[in-house]
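Worksheet: one structure, shown below.
The values are calculated or read from the model by the stated rules, or taken from the named source; none is laboratory data. Given the structure is predicted, the values throughout are model-derived calculations rather than measurements. Here the Cβ positions follow ideal geometry from the backbone for every residue, glycine too, while neighbour counts run over all protein chains shown. In case anyone asks, the SASA skips ligands and DNA or RNA and just uses the protein heavy atoms, side chains included. Shrake-Rupley method; radii C 1.70, N 1.55, O 1.52, S 1.80 Å.
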Amino acid sequence: MTGTTVAEVMAELAALEDPRAREVNERHGDDHGVNLGMLRALAKRLKTQQDLARQLWATNDTAARLLALLICRPKAFERAELDVMLREARTPKVRDWLVNYVVKKSPYAEELRLAWSADPDPVVASAGWALTTERVAKKPEGLDLSGLLDVIEAQMKDAPDRLQWAMNHCLAQIGIEHPGHRTRAIDIGERLEVLKDYPTPRNCTSPFAPIWIGEMVRRQHDR
C-alpha cells in the first residue's frame, strides 16, 4: 500500500473508531477508540513507510501516532527527533510504544537512556528507566547495579506514579536476573512497600517487587 495518503489512513482510522474501546482506553489515559488488533492489521497492510509515519505522527492524533510507530523505520530517526517525539507524546500508550518499538531499536538508545534518566520531567525520566530495565535484562555489562539499587532505594517511594512504576520494574528485573543482588532487591521492595496493595487480577502476577521476583524466579527453576 505504498503511496497511501494521510487523509486515506485517517479516514480508515475514523471508520475503525469504537466508542466502547475508547471508553476502556480513556480509563488508562489513552484518547483513542481503535482496537489495537485492527490497528496492527492496518499496519501490516501498509508495511514500512517512513515518510507516511512522520506525517501521521505530525497529526497529533493518538491512533495515528500509534500506527506511525508500527510502520516507521526505527533507525531512520535522529537522536534529537526521538527526544522531541517523547516530549510531545501525550498518552501512556504512545510513550510506551515509542520506547519499546522505536527507541530500543535505535542506535541512540544508550545515549537517550542516560540523558532521559537524569531528566527533571518524571515522564521523560521514566522512559530512561524503561531503557535501563531493558539493559538490566539483556545487556547488563557495564551497568552499576548496586548504584541503581541505591537510587531506587532513595527515590522510588516518593516518585510520581509513572516514574515510580518504571523504577519498580527495574528493581524487580534486577532481582529476577541477577541472583547476587536478589536479596537486596527484595529487601528494598519489602521496606518501601511500593505497589504492595496494587489490585491484581486472578492469574496475574502482582507488581509488588518481592512477589514479582519470587514468582519469576520460581518459573525459571520450573523450566
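Things to note:
- Rounded to the nearest 20 debye, the dipole magnitude of the chain is 800 debye, with +1 charges on Lys and Arg beta carbons, -1 on Asp and Glu beta carbons, and the Cα centre as origin.
- On region 1-100, 52 percent of the accessible area sits on carbon and sulfur atoms, based on a 1.4 Å probe.
- V34 long-range amide H proximity, modeled H, under 5 Å: D18
- Per residue, the solvent-accessible area of the chain (1.4 Å probe, heavy atoms of protein chains only, all protein chains present) comes to 53 Å².
- Cα shape, region 1-101, gyration tensor, a/c 1.5 rule: oblate
- Distance distribution P(r), the chain, all Cα-Cα pairs, bin width 10 angstrom from 0: 8, 29, 31, 23, 8, 1 percent.
- Shape call, region 164-223: gyration tensor on alpha carbons, a/c limit 1.5: oblate
- Per-residue SASA entry for T133, accessible area with 1.4 Å probe, Å² rounded to 10: 10 Å²
- Sequence-distant aspartates and glutamates (8 or more away, or on other chains) whose Cα lies within less than 19 Å of K75: D51, D83, D96, E110, E111, E134
- Burial order of peptide ranges 69-76, 17-24 (average beta-carbon count within 10 Å, highest first): 69-76, 17-24
- Cα centroids of region 33-81 and region 83-107: 11 Å apart.
- The dipole here belongs to region 4-118: it is taken about the Cα centre, uses +1 on the Cβ of Lys and Arg and -1 on the Cβ of Asp and Glu, and is about 440 debye.
- Using the rule -39500 (n - 2.57) for each DSSP H run of four or more residues, divided by the residues of the chain, the 222 nm mean residue ellipticity is -20000 deg cm²/dmol.
- Gyration tensor (alpha-carbon) shape descriptor, region 83-169, a/c threshold 1.5: oblate
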